[in-house]
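Below is one structure, written out as structure tokens, with a few remarks after it.
The values are calculated or read from the model by the stated rules, or taken from the named source; none is laboratory data. The model shown is predicted, which means the values in this text are computed figures rather than measured ones. Reconstructed Cβ throughout: ideal geometry from the backbone, glycine too, with neighbour counts over all protein chains shown.
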Amino acid sequence: MTKTVLITGTSSGIGRTTAERLVRRKDLTVYATARSTASLSALADAGAHTLALDVTDEASMQAAVKEVEDAHGAVDVLVNNAGYGEYGTIEETGLDGVRRQFETNVFGLSRMTQLVLPGMRAAGRGRIVNVGSMGGRLVFPVGGYYHASKYAVEAITDALRFEAAPFGVKVSLIEPGLIRTAFGATAAETMAASATPSGPYAALRTANEKQMETSYSSNLFSATPETVARTIEHAATARRPRTRYVVTPAAKLLVHTRRLLGAGVFDAYLRMQFRTGT
């Protein structure tokens, strides 16, 4: 018996790689989604069903879930992957951009979950895999609003896991570290647009850009999307999935360091990493 998997945000990066990996399994029917299906032609050729899905649009979300449920009765596995980073300092970042980010990273994830749960409850089974971030467990400067969205995903996932368990629905959270996708470039673009070059945080932004460039280009600190895709596959198909998966050794080290050593020591570490020359 094959299971249906609905994945959001598969036009590139982690979502695309996950769809490519899962579509090779004979026990899964994969629905790959993005705002435009034009970006999904290669996935369609590989055997995935493709759907237009914008997680900031109610009608689009309802239509996508209905199509899967009409064909299969219920969504067996939902992978809430769609998300991006709106970077900039707390003072300078425009709140319209912050709201758009929360619409995708938090409210889109929440609404997709609401839409699939009735079918999962009726079936007495289901799996929801939320793609969060190590950024939901610790915070770097110039990314506060992005981190806030991922902290929200942590809270939602923890509550959902308890609430959905009596109905046979298992919930897991994926917490990747730095992954070599277009995420870093998008974050850099939003950060550059958030303030004037000569503003009060110019030195901090410059230090952050250098740190991001160094970290994302390092095999020691970052990993490929395939690393996350393997983890999502385990969360989606294992008989007893874990509640949390921290992905990459560097992410595990940072998360545990922040938890064990506290805010003061972690702030000292950040001052070393983000030197501004002041």
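Here are some notes:
- Region 105-122 residues that are closer than 22 Å to S149 by Cα and without any contact (Cβ under 8 Å) to a residue 60 or more places away in the chain, paired with ones that are β-branched (V, I, T) and part of a helix (DSSP H, G or I) (beta carbon under 6 Å, 6 or more apart): L115/V65
- Out of V55, V23, V98, one residue alone is of a type in the set (V, I, T) and buried (at least 23 other Cβ atoms within 10 Å of the Cβ). It is V55.
- A Cβ distance below 7 Å, combined with a sequence gap of six or more or placement on separate chains, defines the contacts here; from region 209-230, residues that are closer than 14 Å to Y245 by Cβ and at pLDDT 85 or above reach residues that are hydrophobic (A, V, I, L, M, F, W, C) and part of a helix (DSSP H, G or I) in the pairs V228/I14; A229/I14.
- When residues of region 1-18 are limited to those that are assigned to a loop (DSSP other than H, G, I, E, B) and touching a strand residue (DSSP E or B) at 6+ places or on another chain (Cβ under 9 Å), the one modelled with the lowest pLDDT: T2
- Counting only helices (runs of 4 or more DSSP H) that sit completely within region 19-111, those holding 2 or more residues that are among the small types (G, A, S) correspond to 41-46, 58-72.
- Residue in region 216-224 that is under 22 Å from the mean Cα position of the chain (by Cα), part of a loop (DSSP other than H, G, I, E, B), under 30 Å from K3 (Cβ atoms) and of a type in the set (A, V, I, L, M, F, W, C) present: no
- Residue satisfying condition, being of a type outside the set (A, V, I, L, M, F, W, C), at pLDDT 95 or above, closer than 18 Å to I14 by Cα and buried (at least 17 other Cβ atoms within 10 Å of the Cβ), within set G119, G83: G83
- From the list E92, E103, E154, the one residue that fits, being at pLDDT below 95 and either touching a Ser or Thr at 6+ places or on another chain (Cβ under 7 Å) or under 23 Å from T237 (Cα atoms) (or both), is E92.
- Out of R271, R240, sole residue that is exposed (fewer than 13 other Cβ atoms within 10 Å of the Cβ) and either modelled with pLDDT under 95 or not basic (K, R) (or both): R271
- Test: residue in region 40-58 that is charged (D, E, K, R) and at pLDDT below 95: no
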